[in-house]
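Here is the structure we will look at.
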There are 2 protein chains.
Amino acid sequence: MTLELDPATDLSFTRTLAVPRRLVWECWTVPKHIPHFFIPAPHKVTSVEIDLRVGGRFNTTFDVEGNTMENPGVYLEVVPEEKLVFTDAYSEGWKPAAEPFMTAILLLADTPDGGTSYTAIARHRNPESRKTHEEMGFFDGWGTVVTQLEAYAKGIVA
Amino acid sequence: MTLELDPATDLSFTRTLAVPRRLVWECWTVPKHIPHFFIPAPHKVTSVEIDLRVGGRFNTTFDVEGNTMENPGVYLEVVPEEKLVFTDAYSEGWKPAAEPFMTAILLLADTPDGGTSYTAIARHRNPESRKTHEEMGFFDGWGTVVTQLEAYAKGIVA
């Protein structure tokens with residue numbers, strides 16, 4: 001991987017999942033799957049719009065304790081079953097967001113036993129945003145998302 | 001074109017050039033051509049790095065009255081001879097810039113007489129950035145760039 005992380009502004013972790021990356025990719029890119037793992041329960045995803053191409057929309061709506069949160073975004077890079085990059089820095093048509101928060105990079109690779117090596121990276125504009133994200137619970141939150149994803153994806157196989 | 005412009009935050013204009021869009025595209029995407037038109041004379045482009053793919057670098061260095069200006073950026077969308085989108089909001093590897101200024105969209109189309117309809121759009125994060133860009137001389141500056149491009153591209157044909 002030629003991607004150079006910057007500890008001052010990036011957050012990342014790698015986990016091994018006991019599901020093939022074909023399924024991990026499907027969970028991340030097909031709207032009907034997203035509500036099953038995308039935010040930690042008991043928060044809910046109430047709508048998902050996906051146009052899976054560079055510049056295409058990735059818009060979600062959350063219900064967080066009764067409050068509606070709209071999260072418009074776009075895909076920056078789409079390499080099937082390998083790499084997905086998306087951000088809140090743009091909405092469709094390359095319209096810049098006033099205050100972009102982060103850019104997410106997911107990297108998937110095979111493990112020898114048929115599972116998936118799953119790397120999640122959040123890149124930020126400055127150290128303050130990184131710190132805010134860490135304090136919002138990046139590791140717990142994104143970790144929970146992966147656990148939910150793995151459990152849900154196993155159910156798809158069955 | 002499905003692109004919806006926002007007059008509060010976008011700047012744009014369309015010009016007709018007497019050169020085919022194949023050449024306009026070549027001027028914009030091959031490093032050796034860039035210094036011949038990319039900023040208004042007498043300012044100079046002193047280096048150009050291009051990796052013409054989504055997420056690839058578009059880095060330029062200017063000499064403005066003896067001051068060196070570094071302009072790192074990336075391509076967001078590359079549709080040969082039709083559409084080029086680039087921004088200073090990222091450098092290579094999708095590293096977010098601390099203070100992104102603008103996202104540029106170039107749209108090229110054929111005119112009936114073999115020329116090019118050339119649309120340049122600059123999208124900004126907020127009305128203040130748009131205003132700053134207009135006051136910096138967007139229309140004169142980008143207009144001069146197109147005039148320089150047209151004159152230079154005619155020379156390539158000969």
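The values are calculated or read from the model by the stated rules, or taken from the named source; none is laboratory data. What you see is a predicted model, and the numbers here were worked out from it, not measured in a lab. Note: ideal-geometry Cβ built from the backbone for every residue, glycine included; neighbour counts use all protein chains shown. The protein model used for the area step is the full one, side chains on, heavy atoms only, and it has no ligands, DNA or RNA in it. Shrake-Rupley method; radii C 1.70, N 1.55, O 1.52, S 1.80 Å.
Observations
- Qualifying positions in the stretch A:1-50 - within 15 Å of the chain's Cα centre (by Cα) and within 14 Å of chain B (Cβ to nearest Cβ): A:10, A:11, A:12
- Once the stretch A:122-150 is narrowed to residues that are outside any helix (DSSP H, G or I) and out of contact with any Pro (no Cβ under 9 Å at 6 or more places or on another chain), the residue that is farthest from the other protein chains (Cβ to nearest Cβ) is A:136.
- Lone unmet requirement of (1) within 14 Å of chain B (Cβ to nearest Cβ); (2) part of a strand (DSSP E or B); (3) not hydroxyl-bearing (Ser, Thr, Tyr) for residue A:63: (1)
- Scanning the stretch A:108-158 for residues that are of a type in the set (S, T, N, Q) and closer than 19 Å to residue A:87 by Cβ yields a total of 4.
- Checked against the criteria, residue A:98 counts as of a type in the set (A, V, I, L, M, F, W, C) and in a loop (DSSP other than H, G, I, E, B).
- Selection within the stretch A:16-48 - of a type in the set (D, E, K, R) and either farther than 20 Å from residue A:78 by Cα or assigned to a helix (DSSP H, G or I) (or both): A:21, A:22, A:26, A:44
- Taking the criterion of being open to solvent by 70 Å² or more (accessible area, probe 1.4 Å) and either without any contact (Cβ under 8 Å) to a residue 40 or more places away in the chain or among the aliphatic types (A, V, I, L, M) (or both), the residues of the stretch A:122-139 that qualify are A:128, A:131, A:135, A:136.
- Test: residue in the stretch B:109-121 that is within 14 Å of chain A (Cβ to nearest Cβ), within 30 Å of residue A:8 (Cα to Cα), surrounded by 13 or more Cβ atoms within 10 Å (Cβ to Cβ) and not β-branched (Val, Ile, Thr): no
- The set of residues in the stretch B:66-90 being closer than 23 Å to residue A:78 by Cα, assigned to a loop (DSSP other than H, G, I, E, B) and more than 7 Å from every other protein chain (Cβ to nearest Cβ) consists of B:72, B:73, B:80, B:81, B:82, B:88.
- Among the residues of the stretch A:140-158, those identified as open to solvent by less than 30 Å² (accessible area, probe 1.4 Å) and closer than 11 Å to residue A:17 by Cβ are A:146, A:149, A:153.
- Residue in the stretch A:91-99 that is crowded, with 20+ Cβ neighbours inside 10 Å, within 10 Å of chain B (Cβ to nearest Cβ), in contact (Cβ under 8 Å) with a residue 12 or more places away in the chain and under 11 Å from the mean Cα position of the chain (by Cα) present: no
- Qualifying residues in the stretch A:27-48 (those that are of a type in the set (A, V, I, L, M, F, W, C) and under 23 Å from residue A:90 (Cα atoms)) - the one surrounded by the fewest Cβ atoms within 10 Å (Cβ to Cβ): A:30
- Checklist (1) in contact with a Pro (Cβ under 9 Å, 6 or more places away or on another chain); (2) farther than 27 Å from residue B:85 by Cβ; (3) assigned to a strand (DSSP E or B) applied to residue A:13, failing item: (1)
- Top-ranked residue in the stretch A:49-75 [being closer than 17 Å to residue A:35 by Cβ and among the aromatic types (Phe, Trp, Tyr); ranked as surrounded by the fewest Cβ atoms within 10 Å (Cβ to Cβ)]: A:62
Matching residues to (1) acidic (Asp, Glu); (2) closer than 16 Å to residue B:38 by Cα; (3) more than 14 Å from the chain's Cα centre (by Cα):
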site	(1), (2), (3)
B:111	no, no, yes
B:114	no, no, yes
B:118	no, yes, no
B:125	no, no, yes
B:132	no, no, yes
B:142	no, yes, no
B:153	no, yes, yes
B:156	no, yes, yes
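- Residue pairs meeting the criteria (Cβ under 6 Å; at least 6 apart or on separate chains; first at pLDDT below 95, in the stretch A:64-88; second surrounded by fewer than 12 Cβ atoms within 10 Å (Cβ to Cβ) and not small (Gly, Ala, Ser)): none
- As a summary of the residue check, residue A:104 satisfies the conditions (1) within 12 Å of the chain's Cα centre (by Cα); (2) open to solvent by 50 Å² or more (accessible area, probe 1.4 Å) except for the one numbered (2).
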